[in-house]
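The values are calculated or read from the model by the stated rules, or taken from the named source; none is laboratory data. On a predicted model such as this, the values are computed, not experimentally measured, just so you know. For neighbour counting, all protein chains shown are included, and Cβ atoms are generated from backbone atoms with ideal geometry for every residue, glycine included. Calculation scope for accessible area: heavy atoms of the full protein, side chains included, ligands and nucleic acids excluded. Shrake-Rupley method; radii C 1.70, N 1.55, O 1.52, S 1.80 Å.
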Amino acid sequence: MLRTHTAGELRAENEGESVVLAGWVNRRRDHGNLIFVDIRDRYGVTQAVFNPDHSAAAHAVGESLRGEYVVQVKGTVRKRPDDMTNETLDTGAIELLVDEAKVLNPARTPPFTLNDEAPVSEELRLKYRYLDLRRARLQQNMVLRHKVVAFIRRWLDEQNFVEIETPILIKSTPEGARDFLVPSRLHPSRFYALPQSPQQLKQLLMVSGMDRYFQIARCFRDEDLRGDRQPEFTQLDLEMSFVDTEDILALNEQLTIDLVHEVMPEKRFLQTPFPRLSYDEAMARYGSDKPDLRFEMALVDLSEIVAHSTFRVFSGALAEGGVVKLLVGPGLADYSRKQIDELEAIAKDLGAKGLAWAKVDDATTATLSGGISKFLSDEESRAILDASGAEGGDLLLFGADRFETVSAVLGRLRLELGERLGLRDPEVFAYAWILNFPLVEWNEEQARWDAMHHPFTSPQDEDLEKMTSDPGAVRAKAYDLVANGWELAGGSIRIHNREVQRKMFDLLNIDDTHQQTQFGHMLEAFEYGAPPHGGIAWGIDRVVMLYAGEPNIREVIAFPKTAAGTDLMTAAPSHVDEQQLADLHIALAGKAVKR
RNA sequence: GGGGGCGUGGUGUAGCGGUUAACAUACUGGCCUGUCAAGCCAGAGAUCGCGGGUUCGAAUCCCGUCGCUCCCGCCA
């Protein structure tokens with residue numbers, strides 16, 4: 001070993017010990033004679049003192065040091081004088097009086113500062129990711145991520161789960177997200193796909209009798225990126241046999257609670273056991289299927305109250321089968337025209353035609369002012385205040401449109417106001433289960449029913465009849481785990497009955513031929529004694545993101561992609577040479593031919 | 001596929017029709033024996049992302065393009 005200790009572990013008790021440290025030069029403070037150098041590694045920072053009276057040779061090396069040089073220093077641990085300790089440093093009670101020093105490797109001046117958290121453009125951070133990873137923020141995030149995954153593995157192992165790796169090269173299925181494809185050299189014109197998740201494989205493992213499976217699994221989806229979405233990401237994938245919904249919820253809830261206590265002990269849960277909401281309830285109250293429950297500010301349905309309104313925006317929306325809903329901004333009646341315009345811009349961005357508003361002057365007399373107040377009758381104003389509980393000084397924001405648009409707009413404005421009002425406390429985790437999802441949703445473009453979760457999700461027993469009579473009303477045995485406005489996990493109890501599976505495929509309009517070519521292996525497997533089973537998948541990246549308080553998924557991934565899906569460090573994706581293409585029986589077409 | 005924001009010494013920003021392109025920090029050299037974002041002095045460092053246009057004159061206005069980013073669509 002080139003060192004006896006790390007840069008984070010020496011304390012006053014080590015006084016007098018002769019030690020060797022190795023690390024990076026974090027900072028150098030050169031007083032001409034005395035030189036102080038902070039040695040940094042991932043464990044911490046230790047101050048080394050170069051004194052020419054003590055060692056002229058070491059001092060000469062100290063003079064040559066620059067930021068990010070890799071050094072090895074040998075010396076004696078010395079207690080600092082009482083008035084010179086550094087309280088901000090774990091090692092601040094001591095320093096290392098250097099006897100010998102050696103430059104293990106010099107370093108060019110880095111493209112950005114590594115010894116503080118000063119802002120740097122995303123482009124540079126990604127290009128020099130190995131340097132960005134040297135900084136405290138990402139170091140902490142990587143360690144946290146490791147702790148999360150390590151704890152989950154240990155916990156599930158204790159619960160008799162078996163971690164099983166599933167293939168990365170699998171069969172493409174056109175359902176769901178776009179697949180990443182891998183051409184086959186041995187089989188011209190054929191392609192593998194990278195897994196969007198190990199969904200089918202884990203179900204087959206249940207048929208195999210593995211009973212309790214999990215995997216920390218890399219997943220791939222060729223869709224556009226977002227702040228919380230990368231083309232490759234990591235799931236905790238989990239599946240259990242002989243369980244119902246309650247078993248899955250209970251196990252995952254306990255794992256979550258134990259995990260947070262272990263890795264984030266300073267955070268607190270808003271509520272345990274986790275509250276449960278139906279999908280309909282979540283959409284109605286919060287305009288989202290992943291509501292941030294750290295604050296209430298529920299949406300109020302005014303459709304009945306304004307059913308006979310003379311205000312065209314309201315009557316028009318209702319006439320077209322839409323809804324009218326209200327979001328109350330508590331105490332925000334002092335908002336300026338400019339501030340309301342900002343909110344309207346958000347609304348328009350999400351498809352609203354505008355943003356109707358009014359201010360509550362006096363709740364007891366039902367006096368409203370500004371905005372659309374003049375279009376509301378006294379009776380309507382009274383009823384709106386009674387229904388919402390809005391008080392004097394509150395700002396009323398109305399949404400009148402299709403249910404989906406109103407939900408998106410008011411749901412987003414609710415988050416915006418919650419943020420502005422400081423109601424989104426980062427120290428609190430508001431976990432909740434969202435249940436009773438619809439089994440299928442109507443695809444307007446294709447004029448057909450699509451699986452909301454996936455085609456193997458079981459309908460709820462009491463809704464089986466509706467699969468033919470009223471598909472949109474069928475509830476699924478599906479569940480999402482949400483926290484603070486993030487969807488952190490989702491899963492379902494699967495169909496294990498051949499007849500129900502056939503009804504599902506019929507509903508999804510997947511004909512026999514297609515069933516056989518796409519899912520033949522699954523259907524056949526289910527005929528050999530498939531146990532009732534179900535599971536869930538966590539988005540590990542999002543979990544770590546929430547715990548770390550990071551605003552973007554890139555901050556918890558060691559080597560992430562840009563918003564355009566490129567890797568600035570290695571310059572992937574890249575062109576390949578003609579021979580590689582020829583081996584794969586691939587010819588470039590159209591735009592792709594030009595380089 | 002669509003919409004918004006940003007791009008100026010190494011880094012982060014200011015400048016928004018005429019400036020010697022400013023500030024902080026980093027960097028280089030000098031001074032300095034108790035600093036810990038050390039201090040003081042001096043210095044070097046920018047064809048203002050790229051291309052075109054408007055103008056007597058463009059970092060500044062317009063068009064295109066590239067890069068980064070956020071959002072909508074998309075994400076079983």
**OP:** Distance from a point 7 Å along Cα→Cβ of A:Q579 to each backbone N in the stretch A:188-219: keep the residues under 15 Å and list them by number.
**Re:** none
Subject >> Kirkwood estimate for the stretch A:1-54, i.e. one over the average of 1/r between Cα atoms, Å >> reply: 11.9 Å
Original post:
For A:R78 and A:A558, what is the calculated FRET efficiency with R₀ set at 35 Å and r taken between the beta-carbons, to the nearest 0.05?
Top reply: 0.40
Original post:
To the nearest 0.05, what FRET efficiency results for A:L523 and A:A250 with a Förster distance of 35 Å applied to their C-beta separation?
Top reply: 0.70
**OP:** Report the label-to-label distance for A:R424 and A:F191 in nanometres (one decimal), using points 7 Å from each Cα along the Cα→Cβ vector.
**Re:** 3.7 nm
**OP:** DSSP loop (so not H, G, I, E, B), at most 16 other Cβ within 10 Å: list which GluC sites (Glu not before Pro) in the stretch A:241-318 pass both filters.
**Re:** A:E266, A:E296, A:E304
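Would you kindly calculate the mean projected area, averaged across all directions, of the convex hull enclosing the Cα atoms of the stretch A:254-313, in square nanometres? Don't jump to the answer; show the numbers that get you there.
Working: hull surface 23.7 nm².
Result: 5.9 nm².
Please get the size of the charge dipole for the stretch A:455-595, origin at its Cα centre, with Cβ charges of +1 on Lys and Arg and -1 on Asp and Glu, quoted in debye to the nearest 20.
Details: 13 positive and 20 negative charges, 83 e Å.
Dipole of the stretch A:455-595, to the nearest 20 debye: 400 debye.
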**OP:** For the stretch A:440-549, just list the percent of Cα-Cα distances falling in each 5 Å bin from zero outward, please.
**Re:** 2, 11, 19, 19, 18, 14, 9, 5, 2, 0
Original post:
Distance in nm between label sites at A:D224 and A:D511, each 7 Å beyond Cα in the beta-carbon direction?
Top reply: 3.4 nm
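Could you please put A:I540, A:I346 in sequence from largest to smallest accessible area, using a 1.4 Å probe?
A:I346, A:I540
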Subject >> For the stretch A:97-196, diffusion coefficient by Stokes-Einstein and Kirkwood Rh (Cα), 25 °C, 0.890 mPa s, µm²/s >> reply: 129 µm²/s
Original post:
Span-like helices, chain A: DSSP H, alpha-carbon axial extent 24 Å or more, mean Kyte-Doolittle -1.0 or greater, which ones?
Top reply: A:136-158, A:245-263, A:403-420
Original post:
For labels at A:K267 and A:A387 in the simple 7 Å Cα→Cβ model, what's the distance in nm?
Top reply: 3.7 nm
Subject >> Selected from A:L464, A:A383, A:V406, residue furthest toward positive end of dipole (the stretch A:372-508; charges at beta carbon) >> reply: A:L464
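Mean 1/r over all different Cα pairs, inverted: what Kirkwood radius does the stretch A:295-424 give, in Å?
With all distinct Cα pairs of the stretch A:295-424 included, I get 14.4 Å.
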Subject >> Cut-off 13 Å, label 7 Å out along Cα→Cβ of A:T4, residues of the stretch A:55-77 by amide N >> reply: A:73-77
**OP:** Quick one: P(r) of chain A from all Cα-Cα pairs, 10 Å bins, percents rounded to integers, in order of increasing distance.
**Re:** 3, 13, 19, 20, 19, 14, 9, 4, 1, 0
Subject >> Helical contribution to [θ] at 222 nm, DSSP H n ≥ 4, -39,500 (n - 2.57), averaged over chain A, rounded to 500 >> reply: -8500 deg cm²/dmol
**OP:** Report the one residue of A:G8, A:T166, A:V149 whose Cα lies farthest in the direction of the positive end of the charge dipole of chain A (charges on C-beta: Lys and Arg +1, Asp and Glu -1; origin at the Cα centre).
**Re:** A:G8
Original post:
What dipole magnitude, in Debye to the nearest 20, does chain A give about its Cα centre under +1 on Lys/Arg Cβ and -1 on Asp/Glu Cβ?
Top reply: 2020 debye
**OP:** About the Cα centre of the stretch A:355-501, how large is the charge dipole given +1 on each Lys and Arg Cβ and -1 on each Asp and Glu Cβ? Please answer in debye to the nearest 20.
**Re:** 340 debye
**OP:** Can you send over the solvent-accessible area of A:I493, 1.4 Å probe, protein chains only, in Å² to the nearest 10?
**Re:** 10 Å²
